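The values are calculated or read from the model by the stated rules, or taken from the named source; none is laboratory data. The structure presented is a predicted model; accordingly, all values stated were derived computationally and were not measured. Cβ placement follows ideal geometry from the backbone for every residue including glycine, while neighbour counts extend to all protein chains displayed. Accessible surface areas use protein heavy atoms only, side chains included; no ligands, DNA or RNA. Shrake-Rupley method; radii C 1.70, N 1.55, O 1.52, S 1.80 Å.
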Amino acid sequence: MSKLTLLAAAATGYVLGARAGRERYEQIKAQAQKVARNPKVQDAAHKAQDTAATQATAAAGVVKEKVGDVASTAADKVRRDASIQPAP
């Protein structure tokens, strides 16, 4: 995936920085669209999207668990501190 990102960044930099004119821009644009429509590229993009969604779901579960643990620890500390201090 990093090679694809590097290639896209290089193409973008060239398009933005090149002085080849509109014709060359159109050639690059057409080639980029051709690559984007390639079934292998589409498949890789879908796999990456699915992986990201799976990882995000897993991360959300871990975060939820950790937040619950931290909240519980904080509540215990507040209760403990309240029981130690005399009431006014």
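Cross-link partners for K66 among the aspartates and glutamates, with Cα-Cα distance under 13 Å and sequence neighbours closer than 8 places in the same chain left out, do not exist in this structure.
With a 1.4 Å probe and all protein chains kept in place, how do Y25, Y14 rank by accessible area, largest first?
Largest accessible area first, the residues go Y14, Y25.
Is it possible to state the helix-based mean residue ellipticity at 222 nm for the chain, with each DSSP H run of 4+ residues giving -39500 (n - 2.57), the sum divided by total residues, to the nearest 500 deg cm²/dmol? What is it? Walk me through the numbers on the way to the answer.
On the way: 3 runs with 78 residues, N = 88.
-31500 deg cm²/dmol, from helical runs alone.
Accessible area of the chain with a 1.4 Å probe: how many percent of it is carbon plus sulfur? The computed percentage sits at 62. Filter K3/K64; K3/K40; K3/K29 down to the pairs with a C-alpha to C-alpha distance above 25 Å, please. The pairs that break the limit, which is 25 Å between Cα atoms, are K3/K64.
The accessible area of I84, taken with all protein chains in place and a 1.4 Å probe, comes to roughly 120 Å².
Annotation note: trypsin sites (Lys or Arg not before Pro) in the chain located in DSSP loop regions with a Cβ neighbour count of at most 12 within 10 Å are R19.
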